[in-house]
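Structure, as structure tokens:
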Amino acid sequence: MLIGILALVFWTHSLKTPFLVNFYKFVPMLLLCYFLPSLLTTFGIVDPEISGLPTVAKKYLLPASLVLLTLSIDLNEVLKLGPKALIMFLTGTIGVIVGGPLAILLVGSFDPVLVGGHDSDAVWRGLSTVAGSWIGGGANQVAMKEIFNPTDGLFSVMLAVDIVIGELWMVFLLLGIGKASQIDRILKADSSSVRELQEKMEQYSLTIARNPSVADLFVILGVGFGVTACCHIVADVVAPFINDNLAFLSKCSRTSSFFWLIVLATTGGLLLSFTKARQLEGAGASKVGTVCIFFLVATIGLHMDILAVFEYPGLFLVGGIWMLIHVGLMVAVAKVIRAPYFFLAVGSKANIGGAASAPVVAAAFHPSLAPVGVLLAVVGYALGTYGAYICALMMQAVAPS
């Protein structure tokens, strides 16, 4: 079903009928690849908790796509993007840290019960897991659950808040990609460094382009999934070793095998970019990686159930205000430092979505930019537990008793 949905979107996008051309001017193709699968969950056709596809996409297709998207990258050109990407990422982290306490203050001022007032099951404990997920990722979220011990019922509700609010924000980010040039003009941003990287990667791809043979395609798949297999082997050894012998590193997600999987896959792709493997781009390595990325997008969409908002409207209100504070701070800083929309979008998703979403948003601008999202997401994993812990203490301090 997911492949059928993706095929339908890509096919209609390739047609030149006036209606479809105008339609895709306003509705990004990537947004449909993300939103249409969510309808399968919303209407009960698919249960993502039972389906194994999200796990397959996250653990196998994502690292393989990172390898294939980064093996052709020019790392020196990526570094020339400058410090604005990191500034926007850190701004997003600060927005999450301060947004939680401010959201509790605002909502608690007119309905204290919604944020844990007169209730022994303090809502801030559950919200601490959202902070862990939004700054870092799943490993950081679990760490917050172990530290602050929200009830299982509250934690399940917070999972819904985490996913739905985070993915709704992704919808708006994807809509903005089609209007990136207009947004950059509003921000008075200089996006020349991003455009230069895109143009150089496109020129390089054209100079080595060739019609791929079956052997080429198998080599591309072999490199992508072969490196992924090696990364799994190493990650499954390193993570338990650190957990047993260097447990203090769990505070920065070093005991998470997924953390090491993403780091190793990205490193493997970057190392290959200095070898002859870089020429696989001419046979379509980034295109195969993009196919994997779009399938990942479809599986991410399965997790968004719009109807969940109506079950816990109060907590979703808290999450919505929290996200608006994060977004407002991102826009304000982008305006001050004149950061292009690319840095705003990727810096935000490196926090809110982590390694599963940041490269997707970056690749929507151009496949060569995917590593920027990955590198920032890795920083998020390192900061996630620290930032979420500070955020949780602040939320505890302002929560009504």
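Hey, could you check the range 185-215 for residues that are of a type in the set (Ser, Thr, Tyr) and over 17 Å from SER286 (Cβ atoms) and say which is modelled with the highest pLDDT? Ranking the qualifying residues of the range 185-215, first place goes to SER213.
Just one of the listed residues (PHE248, PHE225, PHE218) is assigned to a helix (DSSP H, G or I), modelled with pLDDT of 85 or more and either within 25 Å of the chain's Cα centre (by Cα) or closer than 27 Å to THR385 by Cα (or both), and it is PHE225. Taking ASP216, is it surrounded by 16 or more Cβ atoms within 10 Å (Cβ to Cβ) and among the charged types (D, E, K, R)? It is true that ASP216 is surrounded by 16 or more Cβ atoms within 10 Å (Cβ to Cβ) and among the charged types (D, E, K, R).
Would the range 298-313 turn up any residue that is at pLDDT 80 or above and either more than 15 Å from the chain's Cα centre (by Cα) or of a type outside the set (Gly, Ala, Ser) (or both)? For the range 298-313, residues at pLDDT 80 or above and either more than 15 Å from the chain's Cα centre (by Cα) or of a type outside the set (Gly, Ala, Ser) (or both): present. Filtered by the rule that a residue be aliphatic (A, V, I, L, M) and part of a helix (DSSP H, G or I), the range 16-31 gives LEU20, VAL21, MET29, LEU30, LEU31. Taking the range 36-58 as the range and being crowded, with 17+ Cβ neighbours inside 10 Å and not polar (S, T, N, Q) as the test, the residues that pass are LEU36, PRO37, LEU40, VAL46, PRO48, LEU53, PRO54, ALA57, LYS58.
Out of the residues in the range 109-130 meeting the condition of being among the polar types (S, T, N, Q) and modelled with pLDDT of 75 or more, tell me which one is surrounded by the fewest Cβ atoms within 10 Å (Cβ to Cβ). So that I can check it myself, show each step before the final result.
As a first pass, look at the range 109-130 and keep what is among the polar types (S, T, N, Q): 109, 120, 128-129.
Restricting the remaining residues to those that are modelled with pLDDT of 75 or more gives 109, 128-129.
Numbers: SER109: 10, SER128: 28, THR129: 27.
Applying the filter and picking the extreme gives SER109.
The values are calculated or read from the model by the stated rules, or taken from the named source; none is laboratory data. Predicted, not measured: the structure shown is a model, and the values here were computed from it. Note that we place each Cβ from the backbone using ideal geometry, even for glycine, and neighbour counts take in every protein chain shown.
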